[in-house]
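The values are calculated or read from the model by the stated rules, or taken from the named source; none is laboratory data. Just so you know, these numbers come straight off a predicted model, no measurement behind them. Don't worry about glycine lacking a Cβ; one is built from the backbone with ideal geometry, like all the others, and counts go over all protein chains shown.
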Amino acid sequence: MASIFSSIFSMFSGGEKAASAPAGVKSEPQAYGDCTIFAEPQKEGGQYRLAGRIEKTVGDEVLVRSFIRADMFSSTDDAVECTVRKAQQIIDQHGPSLFSDGAKTRQV
C-alpha cells in the first residue's frame, strides 16, 4: 500500500523524470576529420531515433553540435551506423562554418 502512495507522490513531485526521459544507446566515438562523432540514438517505444553529437576541440574549449532527426530504426546497430553517416554528412556540408560561431553548444 505504501508503494502505491509513493508512486503517486513521485508522479506529482517529478521524482521519476529520469525514467520517463528517452533512453539512449552509447557507442564508441568515431574520429572524422578534426571532429569526434558520438552516436547516441534515443530509444522510443521499440525503435531508436537517430541522434548524436559532434565535438571539436578549439584551443582549450570543446565545442558541441547536437542533432536529432526523424529517422527511426528497429535495431541499435542500424541506428548507430546511420547516425555516424548523418554526422559525417553534416560535417561535410557545413565545413568550417559548423563551429565558426564559437558557441559552446547548439543544435544543427
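Between a residue in region 51-63 that is closer than 14 Å to ILE90 by Cβ and any residue that is basic (Lys, Arg) and crowded, with 20+ Cβ neighbours inside 10 Å, which pairs come within a Cβ distance under 6 Å, given they are 6 or more apart or on different chains?
Close Cβ pairs (under 6 Å, with a partner that is basic (Lys, Arg) and crowded, with 20+ Cβ neighbours inside 10 Å) amount to ILE54/ARG65.
Tell me which helices (runs of 4 or more DSSP H) are completely within region 1-100 and hold 3 or more residues being modelled with pLDDT of 95 or more, or say none if there are none.
By residue number, 76-94.
Name the single residue, out of those in region 31-70 being of a type in the set (Val, Ile, Thr) and over 14 Å from VAL108 (Cβ atoms), that is surrounded by the most Cβ atoms within 10 Å (Cβ to Cβ). Reasoning before the result, please.
So the first thing to find is which residues in region 31-70 are of a type in the set (Val, Ile, Thr), and the list is 36-37, 54, 57-58, 62, 64, 68.
Then drop every residue that is not over 14 Å from VAL108 (Cβ atoms), which leaves 36, 57-58, 62.
Values: THR36: 17, THR57: 11, VAL58: 11, VAL62: 12.
Ranking the qualifying residues of region 31-70, first place goes to THR36.
Being out of contact with any Lys or Arg (no Cβ under 6 Å at 6 or more places or on another chain), closer than 24 Å to GLU44 by Cα and of a type in the set (Asp, Glu), is that true of even one residue in region 58-66?
Checked against the condition, which is being out of contact with any Lys or Arg (no Cβ under 6 Å at 6 or more places or on another chain), closer than 24 Å to GLU44 by Cα and of a type in the set (Asp, Glu), region 58-66 yields no hits at all.
The conditions are (1) closer than 15 Å to SER27 by Cβ; (2) of a type in the set (Val, Ile, Thr); (3) within 12 Å of the chain's Cα centre (by Cα), and THR76 fails exactly one of them. Which is it?
For THR76, the exception is condition (3).
Would you point out the residue of region 71-102, among those that are closer than 17 Å to THR36 by Cβ and either in contact (Cβ under 8 Å) with a residue 60 or more places away in the chain or of a type in the set (A, V, I, L, M, F, W, C) (or both), that is surrounded by the most Cβ atoms within 10 Å (Cβ to Cβ)?
By that ranking, first place goes to ALA87.
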